[in-house]
Amino acid sequence: MIDPRVASGLRDLLPAVMIPRERILKSFRETFASFGFVPIETPHIERMEVLTGKGAGSDEVLRQIFDVTNKGGTPGELALRFDLTVPLARFIAKHMDEVGVPFKRYAIGSVFRGERPAKGRFREFVQCDFDTIGVDSRLADAETAQIIYSALTAADVPPFTITLNNRKILDGMLESVDLAGKSGLVLRSLDKLAKIGRDGVAAELERPADVGGAGLTADQTTRILDFAETGRGSGEVLDAAEARLGANEKAAQGIADLRAVLDLLEAGGVPRERTAIDLGLARGLDYYTGVVFETTVIGWERFGSVASGGRYDDLASLFTARRLPGVGASIGLDRLLALMEEAGALKKSAATAPVLIANFPGVPSTVPVRLAGVLRKAGIGCEVYPEPLQVGKQMGYGSSHGHKLAVIVGPEEMKAETFNLRDLETRHEDKGLAWSVLEDSIRGALEVIEQRGASS
């Protein structure tokens, strides 16, 4: 027999995880739509040259691409997408005359990376992306962070911090230490500061260029790392950066942009305590050119960022001569779910319908089916137990699968056109309710259960 295990870094998702996952995805879609974003879909498989074009991704990401070769096909011609941003750049270059700009899209789908599996890190995972294409506006930059805040709040994610920086500040800092030509190498190493620590980043930066390092001097490394490590906090770190780098045009522009974004976030209702500045935040992908974001859940930073992104003014130039600046972010659904599950913040359920209707022995099946039809027509989800087993077993099924209420109609209730309504958690049962009040009784009971859950 074939071993039913899945390949390393992949996993099956059971209903207890899929149901809250679908609930969170629904809240994300509603949030994206409330800001005027529209859905699109791109293929899981792209041409390799699309995914590996100059500036599409860092060498580390590109090494993780899964090749796809069909039988008789050409090796290296096709690959599984590693994110949803590069396919967006191709999409907008191909369809910009149809969709126009500014274009605000969201896309939710699987992406694939051949990285080493770890807690919250998988080889196939779902990203929830939203992007604004065709504008340079700082309002669009701020709206991206505002959506992160709104989406995670709507999904009941535990308290989190959205950390911001601007790549122009880092570019200006590198110019100040004569490293403008090595920004890609330096920033990719700096992006690992939280993972491998100061000594690890310093070793990468000072490693000779012919063995994959940046070839920096010890003094250059110290100045870069000191800047990154002392540039964490709130608005005051921008004052300090301005005093140090204000003469640099790029840095001055980045500082002004970041201040404008913070003001817009406050105007948009994002609490100041939910944002932070980190002047060492680089983001590892080469295509970022302005504001960048990372979001971590307080106390669960070891999971890494659950929502990140930034401005990428030159990405679409891979596919078109037309300048199409963009800004966007991605919420990593699977990492977020793994974090929430471990934090005890994931509201699990194995039932998609709150009501179970018993199939009582000796009562024609047409009775529970008819009552279920009434409830579904009223927009209340319900499941009819498929077999007329002992009612206790049916109630056990409902409790174990996460149903909230059970409707029970026995022979006597059928004659009187009444039903009994059982709360499956408390086992309290209201008896002899008329069929005519079925909908109102269920709605009232569900409201009581919701209030009970909110107060517990």
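Read-outs throughout are calculated quantities, based only on the coordinates presented, and are distinct from any laboratory measurement. A quick note: this is a predicted structure, and the numbers were derived from the prediction, not measured. A quick note on method: Cβ atoms are made from the backbone with ideal geometry, for glycine too, and the neighbour counts reach across all protein chains shown.
Roughly how many Å is it from the Cα centre of the range 178-242 to that of the range 330-375, as a whole number?
50
Can you tell me the mean projection area, over all orientations, of the convex hull of the chain's alpha carbons? Units nm², please.
Reported value for the Cα convex hull: 28.2 nm².
Using 7 Å Cα-to-Cβ label points, what is the Asp219/Val369 separation (nm, one decimal)?
Each label point is offset 7 Å from its Cα along the Cβ direction, giving 8.7 nm.
Roughly how many debye, to the nearest 20, is the charge dipole of the range 355-455 about its Cα centre, given +1 on each Lys and Arg Cβ, -1 on each Asp and Glu Cβ, and no other charges?
The dipole of the range 355-455 has a size of about 140 debye.
What FRET efficiency would be calculated for the residue pair Asp440, Leu14, taking the C-beta separation as r and a Förster radius of 30 Å, to the nearest 0.05?
In this case the efficiency is close to 0.30.
Is there a quick way to get the dipole size of the chain? I mean about its Cα centre, with the Cβ of Lys and Arg at +1 and of Asp and Glu at -1; what is the value in debye to the nearest 20?
For this selection, approximately 900 debye.
Modelling each spin label as a point 7 Å along the Cα-to-Cβ direction, I'd like the Phe35/Ala378 distance in nm, to one decimal.
3.8
Using the alpha-carbon atoms, what tilt in degrees (0 to 90, nearest 10) does helix 391-400 show relative to the longest principal axis of the chain?
Between the helix axis and the principal axis of the chain, the angle is about 10 degrees.
Name the residue farthest towards the positive end of the dipole of the chain from the options Ile148, Pro208, Gly379, assuming +1 on Cβ of Lys and Arg, -1 on Cβ of Asp and Glu, about the Cα centre.
In the chain, that residue is Gly379.
Which value in deg cm²/dmol, rounded to the nearest 500, describes the helix-derived mean residue ellipticity at 222 nm for the chain, given -39,500 (n - 2.57) per DSSP H run of n ≥ 4 and division by the residue count?
When only DSSP H runs of four or more count, the value is -13000 deg cm²/dmol.
If I take every Cα pair under 8 Å that is 6 or more residues apart in the range 355-455, average their sequence separation and divide by the length, what percent do I get for the relative contact order?
Relative contact order, the range 355-455: 26 percent.
Suppose the chain between Ala267 and Arg302 were pulled fully straight at 0.36 nm per residue; how much longer would it get relative to their current alpha carbon spacing?
Contour length minus Cα-Cα distance gives 9.5 nm.
Need one word for the range 41-166: rounded, prolate or oblate. Basis is the Cα gyration tensor (sqrt eigenvalues a ≥ b ≥ c); a/c below 1.5 gives rounded, then a/b vs b/c decides.
Oblate is the answer for the range 41-166, as a/c is 1.5 or above yet b/c matches or exceeds a/b.
What Rg and what Dmax come out for the range 355-455 when only alpha-carbon atoms are used, in angstroms?
12.6, 40
Report, for the range 319-456, the % of DSSP beta bridges that are antiparallel, rounded to 5.
55
With the alpha-carbon atoms as the only input, what is the per residue convex hull volume for the range 105-179 in Å³?
181
So how do 147-153, 195-201 stack up, highest first, on mean other-Cβ count within 10 Å?
Descending mean neighbour count gives 147-153, 195-201.
Using a Förster radius of 25 Å, what is the FRET efficiency between Asp97 and Leu62 based on their Cβ-Cβ separation? Nearest 0.05, please.
0.25
Run the quick spin-label model on Thr69 and Lys431: label points 7 Å from Cα toward the beta carbon, then report their separation in nm to one decimal.
Each label point is offset 7 Å from its Cα along the Cβ direction, giving 7.2 nm.
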